[in-house]
Amino acid sequence: MIDLQILGPLTVTGSDGESLLLRPRQRALLTMFLLRPRKPWARDALAPVLWAGRPPVRPQDATKQAVSRLRRTLGRGGIPRATITSAGGGYLADPPAGALDLDRYQAALSLARQAHASGDAARAVLLLQQALDSWTDPGWEFRDAPDLPAVQGLIAALDEERRAAEDQLVDMQLAQGGHARLLPSLQARSRKVPGDEGACARLMRALLADGREVEAAGAFHRTAQALSDELGVRPGPALRDLLSTALRDL
């Protein structure tokens, strides 16, 4: 089964189940295409990826040849030639249905949002977890992506979307009484980013649900200190309300 993965180390699996070996520039080019499936990149945008500031005498012909070589490499794995196609004066990726992990992630995320909007919290949690499981190795994704503003902007948007999905999943799991299971990861996140009010709020909610008011108050004061040291500001009303709850229940 054809499988194209970019939400982790770039992996291209052909129809025979074998991984394809790509040259570094091919990996960069394919990552660029797959980050924005079904939307074209102009030929000029591909030049820095292929030629690193040293364009050949006939850059458009050379770009066409480079894309053709990528197509041939993919074709050796049984991946349809139309996966990389010309459009709008440039090129785009049009992966087979279900083959790209980014497509699967965004489809599951969309279904999760629909389930949440309709009040089906249990289904929304399952779909959010399914979506986030598409990120096979967070921290290693997009290592082959070109260091270009347009590309890095796409990556930043995906990272932000993933963090928002992670936070929403935790919020929903807390609402369903999953505080005990979540506490270790929430504590680790709060230690990693002590000035993150959202991370602190989720940790405090879990600690309060577990009857650990003193620790919840301690989490508040650590974040308050980090905010003061880093930004010169005080915690917002949401955290202050959680502190009041912790102190009231002591």
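Per residue, the solvent-accessible area of the stretch 7-137 (1.4 Å probe, heavy atoms of protein chains only, all protein chains present) comes to 51 Å². The long axis of helix 24-35 is offset from the longest Cα principal axis of the chain by roughly 60 degrees. Counting pairs of alpha carbon atoms under 8 Å apart in space and at least six apart in sequence, what relative contact order in percent does the chain give? After rounding, I find 17 percent.
Over the stretch 188-250, what relative contact order in percent results from Cα pairs under 8 Å that are six or more residues apart?
Numbers: 63 pairs, mean separation 22.7, N = 63.
Relative contact order here is 36 percent.
Working from Cα pairs under 8 Å separated by at least six residues, relative contact order for the stretch 61-167 is 15 percent. Could you state the angle between the C-alpha long axis of helix 197-209 and the longest principal axis of the C-alpha atoms of the chain, as a value from 0 to 90 degrees rounded to the nearest 10? The two axes meet at around 50 degrees.
Reducing the stretch 184-209 and the stretch 26-60 to their Cα centroids gives an inter-centroid distance of 42 Å. In the set (1) 1.28; (2) 1.02; (3) 1.70, which value of Cα Rg over 2.2 N^0.38 Å was calculated from the structure you see? Computed from the coordinates, Cα Rg over 2.2 N^0.38 Å corresponds to (1).
Once neighbouring chains are kept in place and the probe is 1.4 Å, which whole percent of the accessible area of the stretch 71-162 is contributed by carbon and sulfur? Before the final figure, lay out the partial values.
Details: 2390 of 4600 Å².
Heavy-atom surface of the stretch 71-162 belonging to carbon and sulfur, 1.4 Å probe: 52 percent.
Against the main long axis of the alpha-carbon atoms of the chain, helix 149-175 sits at an angle near 40°. Taken over the Cα atoms of the stretch 96-245, the convex hull encloses 145 Å³ per residue.
The H on the amide N of LEU10, modeled in the peptide plane, is under 5 Å from the matching H of PHE142, ARG143, ASP144, each at least 5 residues off or on a different chain.
The values are calculated or read from the model by the stated rules, or taken from the named source; none is laboratory data. In this text the structure is predicted, and so the values were computed from the model without any measurement. Accessible surface is based on the protein model in full, side chains and every heavy atom, while ligands, DNA and RNA are left aside. Shrake-Rupley method; radii C 1.70, N 1.55, O 1.52, S 1.80 Å.
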